[in-house]
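Read the structure below first, then the notes.
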Amino acid sequence: MTTHAKLELNGPMETGFEEVLTPDALEFVAELEQRFGSRRRELLDARARRRERLRAGEMLDFLPETREIREGDWTVAPVPGDMQQRWVEITGPTDRKMTINALNSGADGFMADFEDANAPTWHNMVDGHRNLRDAIDGTITYRDSEGKRYELGESPATLLVRPRGWHLPERHLLVDSEPVTAALFDFGLYVFHCARRLIAGGSAPYFYLPKMESHLEARLWNDVFDFAQECLGIPRGTIKATVLIETLPAAFEMEEILYELRDHSAGLNAGRWDYIFSSIKCFPQRPEMVLPDRVDVTMTVPFMRAYTELLAATCHRRGAHAMGGMAALIPSRKGDSEDNEKALDGVRKDKEREVSQGYDGTWVAHPDLVPVAREVFEKGLNGAPNQLARRRDDVHVTAEQLLDLAATPGAATEKGLRTDVNVGFQYISFWLTGRGAAAINSLMEDAATAEISRSQIWQWIHHGVQLDNGETVTPDLVRRVLDEETAKIREQVGDEVWQAGRPDETREIFERVALSEELLEFLTIPAYEYLD
């Protein structure tokens, strides 16, 4: 492989970074960008054109031109042995301590996240690759400020990696004077350094693919996989990927997405939080699509139920794993045990629902939830590694059902608005200081939940929603609530922590993404300008 690209590395070379940012690895990433970057840009343009059509009144539907795929008789390739049982997967960022704890958590898999649970500072991105390499080699250790030592146990979880979405750049590496595609940077460095290591250890490179909106975007990933495998001299089909169905457009192309990745597919995942955000984002002009408080948009409301039913049925029809959504609760290790058990019971019921729908596994955000989810799936599947044989031929989901946001029960309340403002502000502050997964009000919040918060505020303002207290949501009301909520936060954390959280820049970003005239596509795009 020889690339003729002009490479410019703009990030600082911290200790150990030279082990990741080797000339050969950077050339491999540059080759990926040269081969696939233009197609990625074309697909982003296609997204933008669809957004314009939706805002002009067009509705989403299943594609007539791919009917033969939906009606065809085909299945995806089987997954390797260490991917057959996926009862519970834990997710989190790639910092050293988190990586060790997640791999030791007792989960079947650890999704190491370069995306929504990660703030993409240059340090986080490159150090994360070093940590994953060391984890695969079994050499990863960590010592905290109190001297406690962390190291891998005997049976670590299977490693899966989520690169950033197609929409994001990595500005610290320029290829021909343009920022490299962040997804190709994350994928390229990981597969270059770790693919052969994983294979030698009896595993393989496994991925989660986020934020896709069409089967053509899946086709691009498949072509990237094919090229990488050929370039690295590993067999076609070695790489396996689970696609997060976390955008409303992708829900209409589940079959086609599996088909495009059929040699590399490890299934689909119900990415519930981003899916709610996408549902708001697709129809910002439509009053009938206005959703109530975030807490009321549960997995059992009609449009979410339709989505999760269709996903499970689609996967099992094609021999692919169906992976359930995130349990974001952070169980309390002190305080009111009764409240804690009530919260855990809610998690248990959510996982029982997934088992009943046909899911093969699920996600949790905290190690203390691993035993809860594992118990539900082990019992529900009678100890079997999965329930792929369980066809859901009873499921028949229409486009109208997927789009029935109007049937969501609940109300827009002052409490809901305050929660959106509080969570949105706090998360952006955490993100600006390098933490992409943040414990807020006993929940693990990430970029997806912050996106729900700020887009819901925008939606309520745009449609003049009246709250339960009689007030109409306006920019002035949101600013007043923001003043009040930030005053509470400052009092709770103290002045030193408050100032360290970059409050002025946090507020600037929050107002930009929540109060803008047009609903911005992703908060992480403008916010990325503020990161080192």
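The table below lists the values:
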{"read-out": "Candidates E52, E89, E33 - the one that is out of contact with any helix residue (DSSP H, G or I) (no Cβ under 8 Å at 6 or more places or on another chain) and farther than 16 Å from P249 by Cβ", "value": "E89"}
{"read-out": "Segment 110-134 - residue that is under 22 Å from the mean Cα position of the chain (by Cα) and without any contact (Cβ under 8 Å) to a residue 60 or more places away in the chain and, of those, surrounded by the fewest Cβ atoms within 10 Å (Cβ to Cβ)", "value": "N131"}
{"read-out": "Residue match in segment 264-276 (condition: surrounded by fewer than 21 Cβ atoms within 10 Å (Cβ to Cβ), at pLDDT 95 or above and in the same structural domain as P78 (by TED's automatic domain parsing))", "value": "no"}
{"read-out": "Residues of segment 183-208 satisfying the condition of being crowded, with 24+ Cβ neighbours inside 10 Å and either of a type outside the set (F, W, Y) or in a loop (DSSP other than H, G, I, E, B) (or both)", "value": "A183, L184, D186, G188, L189, V191, P205"}
{"read-out": "Candidates I100, I90, filtered to the one that is β-branched (V, I, T), within 29 Å of A384 (Cβ to Cβ) and out of contact with any Lys or Arg (no Cβ under 9 Å at 6 or more places or on another chain)", "value": "I90"}
{"read-out": "Single residue of segment 491-510 satisfying the filter (in contact with a Leu (Cβ under 8 Å, 6 or more places away or on another chain) and closer than 30 Å to R50 by Cα) that is surrounded by the fewest Cβ atoms within 10 Å (Cβ to Cβ)", "value": "I509"}
{"read-out": "Flag if E451 is of a type outside the set (F, W, Y), in contact (Cβ under 8 Å) with a residue 40 or more places away in the chain and under 25 Å from V364 (Cβ atoms)", "value": "yes"}
{"read-out": "Residue in segment 8-20 that is in a helix (DSSP H, G or I) and of a type in the set (A, V, I, L, M) present", "value": "no"}
{"read-out": "Residue match in segment 121-134 (condition: assigned to a loop (DSSP other than H, G, I, E, B) and either of a type outside the set (A, V, I, L, M) or assigned by TED's automatic domain parsing to the domain that holds S203 (or both))", "value": "yes"}
{"read-out": "Top-ranked residue in segment 373-386 [being under 26 Å from I276 (Cβ atoms) and in contact (Cβ under 8 Å) with a residue 40 or more places away in the chain; ranked as nearest to the chain's Cα centre (by Cα)]", "value": "A373"}
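The values are calculated or read from the model by the stated rules, or taken from the named source; none is laboratory data. Given the structure is predicted, the values throughout are model-derived calculations rather than measurements. A quick note on method: Cβ atoms are made from the backbone with ideal geometry, for glycine too, and the neighbour counts reach across all protein chains shown.
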